Every structure is written in C-alpha cells, then in structure tokens.
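S.K.: I'd like to ask some things about the structure below.
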Amino acid sequence: MQHPYTGLPARSFWRTAVAEADPAEAGDLWTPKFGIGQDEPVITAGSCFARHIGPALLQEGMHWYDAEPAPAGLTREQRQARGYGSFSFRTGNIHTAAALRQWFAWALTEERPPDEVWHDEDGRCHDPYRPTVEPDGYASPEEVLLARQATLAAIRRALSEAGVLVFTLGLTEAWQDTVHGTVLPMCPGTVRGTFDPSRHVLVNHTAAQAHDDLAAAVALARAANPGLKTVLTVSPVPLTATATGRHALVATTYSKSVLRAAAGQLADRLDHVDYFPSYEIVTGHPYRAASYESNLRTVSADGVAFVMRHFFQALHGRTSPRQPAARSQPTVIGEDQSCDDASLDYYNPGPVPPAG
C-alpha cells in the first residue's frame with residue numbers, strides 16, 4: 001500500500017534519525033532556505049548565546065558586520081565589559097522578541113525611546129534599556145542619551161547594509177514599564193535602577209505575542225532593507241531564575257517551547273525567514289546534555305563549536321559534522337557572566353535544607 005510515509009528518507013523517522021543514529025553524524029538537521037554568501041554582511045543580535053555567532057562567522061572567513069566597533073585603545077576585557085563586539089550593535093542582550101521590535105522601532109523612528117536615566121549610589125548615570133553595557137556609567141544624562149543615539153544609528157546602519165540578520169531568542173519573561181509602555185532588559189533593582197511594584201510588571205509572553213513581535217520586527221527591518229533575510233534561532237541556555245512562581249525547569253520549558261513555536265511559525269510563513277535548530281542540537285534527546293558545563297546552563301566551547309559546525313556544513317553543502325572548527329570562546333566553568341541575567345543567581349540563597 002502507498003501512503004504519505006512510503007519512501008520517506010531516514011531523517012523522517014525517529015528510529016533511524018535519532019534512536020539508532022550516531023549523534024555526531026547527524027548532518028542533515030537543517031536545510032537552509034537561502035544561501036549566505038561568503039562576503040555577504042551578516043548581523044547578529046539576541047540572547048547571550050548569540051554572542052558566539054559573530055566570532056564563529058569570522059573564523060569561517062565570512063563577513064560578520066560590526067556596526068558599532070569599539071574605540072581604539074581598549075583591551076579585549078574592556079571591550080567586552082563595555083558591550084563592544086558581542087553583537088552587531090551595542091544593545092547588550094536582547095532576550096525577547098518584544099525588545100527586538102522595540103529597538104528596531106526606536107532606530108527607524110517609528111517610536112521615540114523614553115529619556116529617563118537611572119542613577120547609581122555614586123551619582124553615575126545609566127541607560128535603563130542597556131543597564132550593563134557601560135558598567136561604570138556616564139557622567140550625565142546627556143551622555144547616556146547620546147550614547148543610545150549612537151547605538152540606534154548603528155542599528156539603522158546595520159539593517160540598511162546587511163544581507164542577513166541572525167537573531168537568537170532567549171526568554172519569554174520580561175519586565176514592563178507601565179509608565180512608558182516599554183519592556184526592560186532586566187528587572188529594575190537587580191543590576192541597576194529601583195524596583196517599583198506599582199510600575200514594573202512581569203509579563204510572560206505567549207506564542208502569539210512572541211510571533212507578532214517577531215513579525216513586526218522583521219517587517220520593520222524589511223521596510224528599511226527589502227532584501228534582508230532573517231535566520232531565527234532559540235537559545236539553549238536555560239533561565240537563570242523565574243519570577244512566575246513556577247519551578248525553574250517548568251518555566252524554562254514553557255519559555256523555550258513558546259519561542260520555538262513562534263520562530264517556527266514565522267519561518268514557515270515567510271520565505272525570507274528561516275529557523276536554525278541550535279536549541280535542538282544542544283538539548284535534543286541524542287545529545288544527553290553533553291554540551292553543558294556542570295551547572296547545566298552554560299554551553300561549553302565544544303558545544304558551541306558543535307552547533308556552529310552544523311550551521312556551516314548545512315550552509316556550505318557538507319555532510320559530516322566531525323570536521324574540526326575553531327572555538328569561538330574559551331571554555332567557561334561555572335556561570336557565564338556575559339549573560340545579563342546571570343546576575344540573578346546572586347540572589348540565590350543556596351541549597352534548600354532537607355525537611356524534617
């Protein structure tokens with residue numbers, strides 16, 4: 001008898017594609033919708049996992065476009081501490097689809113960002129929407145807003161000149177400022193600012209909301225650059241903490257499931273949007289959490305290299321993921337402090353003593 005499953009390739013069946021396959025040999029997890037030229041400008045943004053993509057592109061000899069390079073004379077540590085070189089523009093981590101839409105709307109003058117500035121105990125000024133990119137702060141509110149305008153200009157420049165945007169979704173939980181109607185990158189009071197329960201409200205985006213924000217962000221970008229293509233990914237890095245009251249594992253599963261659904265739906269609907277399965281490559285059944293450090297959160301350098309090998313091999317038509325690839329970052333033991341939300345672990349009281 002003939003039916004739709006007759007003659008499907010091995011990759012279509014769990015037994016042959018997963019259960020009986022060597023995980024290291026799974027080389028057909030992604031079939032790119034479109035190519036990326038060796039010299040085509042690629043811009044990257046998103047969660048902390050996204051910071052590995054730019055260096056990996058450079059190591060592959062491709063064109064990662066840094067639209068907001070660091071001033072001359074800074075050491076590598078100073079560049080990293082001040083938010084340079086992690087993404088194509090100095091926004092810091094963009095964890096949610098809502099935040100991506102917000103940055104694009106501000107950069108393309110569809111909306112105006114608030115002029116509010118936070119002050120620390122030393123009187124230094126900080127940007128509420130980039131609280132970690134300049135750890136020592138600025139001398140005045142004017143400097144904060146000028147620096148933000150420089151980043152918005154970099155976003156405009158990046159969107160207008162890029163051929164491909166790679167965006168990595170990280171979270172569904174976000175803190176909304178009800179006064180301005182904006183989303184903040186972190187809960188006020190954790191790293192900077194002061195938490196006001198009457199003003200700062202936790203929102204946990206649904207798949208529909210994440211999809212709509214992604215679609216709006218892509219539409220804004222395409223209005224500025226009609227030829228721009230987008231590759232969406234979902235970060236395999238779990239939540240450091242959740243404010244929903246749920247167990248962290250349950251909250252992480254919800255968040256990643258929502259983001260995976262939203263990204264997949266948009267990629268299925270639009271020819272110029274694709275989905276790359278970095279989340280599945282790290283968290284999938286065959287890999288048995290082998291790509292994580294001992295904290296089960298930080299993705300190891302070998303894990304990052306494994307993900308990027310899949311990306312490049314699919315892009316360049318190769319078949320074996322065993323080919324060596326340079327590591328984009330040294331191995332990190334313990335919490336990855338380049339992730340903005342890693343600071344939330346500071347509030348962890350430690351192991352809960354056994355009952356009784």
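Every number in this text was worked out from the coordinates using simple rules, so none of it is lab data. The shown structure was predicted, so the numbers you read here are calculated from the model rather than taken from an experiment. Positions of Cβ are backbone-derived with ideal geometry, glycine not excepted, and every protein chain shown enters the neighbour counts.
S.K.: From the list Val133, Val166, which one is out of contact with any His (no Cβ under 8 Å at 6 or more places or on another chain), part of a loop (DSSP other than H, G, I, E, B) and under 29 Å from Glu40 (Cβ atoms)?
M.R.: Being out of contact with any His (no Cβ under 8 Å at 6 or more places or on another chain), part of a loop (DSSP other than H, G, I, E, B) and under 29 Å from Glu40 (Cβ atoms) holds for just one of Val133, Val166, which is Val133.
S.K.: Residue check, Pro226 against (1) of a type outside the set (D, E, K, R); (2) without any contact (Cβ under 8 Å) to a residue 60 or more places away in the chain; (3) buried (at least 21 other Cβ atoms within 10 Å of the Cβ); (4) in a loop (DSSP other than H, G, I, E, B), all met but one. Which one?
M.R.: It is condition (3) that Pro226 fails.
S.K.: Criterion first (of a type in the set (Val, Ile, Thr), touching a helix residue (DSSP H, G or I) at 6+ places or on another chain (Cβ under 6 Å) and closer than 20 Å to Arg309 by Cα) does Thr44 satisfy it?
M.R.: For Thr44, the condition - of a type in the set (Val, Ile, Thr), touching a helix residue (DSSP H, G or I) at 6+ places or on another chain (Cβ under 6 Å) and closer than 20 Å to Arg309 by Cα - is met.
S.K.: Going by the structure shown, is Gly264 small (Gly, Ala, Ser), surrounded by fewer than 21 Cβ atoms within 10 Å (Cβ to Cβ) and in a loop (DSSP other than H, G, I, E, B)?
M.R.: Working: small (Gly, Ala, Ser): yes; surrounded by fewer than 21 Cβ atoms within 10 Å (Cβ to Cβ): yes; in a loop (DSSP other than H, G, I, E, B): no.
No.
S.K.: I'd like the full set of residues that are under 12 Å from the mean Cα position of the chain (by Cα) and closer than 17 Å to Ala208 by Cα, limited to the range 83-109.
M.R.: If the condition is that a residue be under 12 Å from the mean Cα position of the chain (by Cα) and closer than 17 Å to Ala208 by Cα, then His95, Thr96, Ala97, Ala99, Leu100 are the ones that fit.
S.K.: So which residues in the range 1-43 are closer than 12 Å to Val164 by Cβ and of a type in the set (Lys, Arg)?
M.R.: Matches in the range 1-43: Lys33 only.
S.K.: Considering each residue of the range 1-59, count those that are charged (D, E, K, R), touching a residue at least 60 places away in the same chain (Cβ under 8 Å) and either loosely packed, with under 14 Cβ neighbours inside 10 Å or outside any loop (DSSP other than H, G, I, E, B) (or both), and give that number. Even if it seems obvious, please write down each step before you answer.
M.R.: Start the filter on the range 1-59 by keeping residues that are charged (D, E, K, R), which leaves 11, 15, 20, 22, 25, 28, 33, 39-40, 51.
Those left that are additionally touching a residue at least 60 places away in the same chain (Cβ under 8 Å): 25, 28, 33, 40, 51.
Next, from what is left, pick out any that are either loosely packed, with under 14 Cβ neighbours inside 10 Å or outside any loop (DSSP other than H, G, I, E, B) (or both): 25, 51.
Residues in the range 1-59 being charged (D, E, K, R), touching a residue at least 60 places away in the same chain (Cβ under 8 Å) and either loosely packed, with under 14 Cβ neighbours inside 10 Å or outside any loop (DSSP other than H, G, I, E, B) (or both): 2 in total.
S.K.: Follow-up question, since we're still on this one. Considering the range 130-156 alone, what residues qualify as being touching a Phe, Trp or Tyr at 6+ places or on another chain (Cβ under 8 Å) and either hydrophobic (A, V, I, L, M, F, W, C) or within 22 Å of Gly189 (Cβ to Cβ) (or both)?
M.R.: Answer for the range 130-156, where residues must be touching a Phe, Trp or Tyr at 6+ places or on another chain (Cβ under 8 Å) and either hydrophobic (A, V, I, L, M, F, W, C) or within 22 Å of Gly189 (Cβ to Cβ) (or both): Pro131, Val144, Ala147, Arg148, Leu152, Ala154, Ile155.
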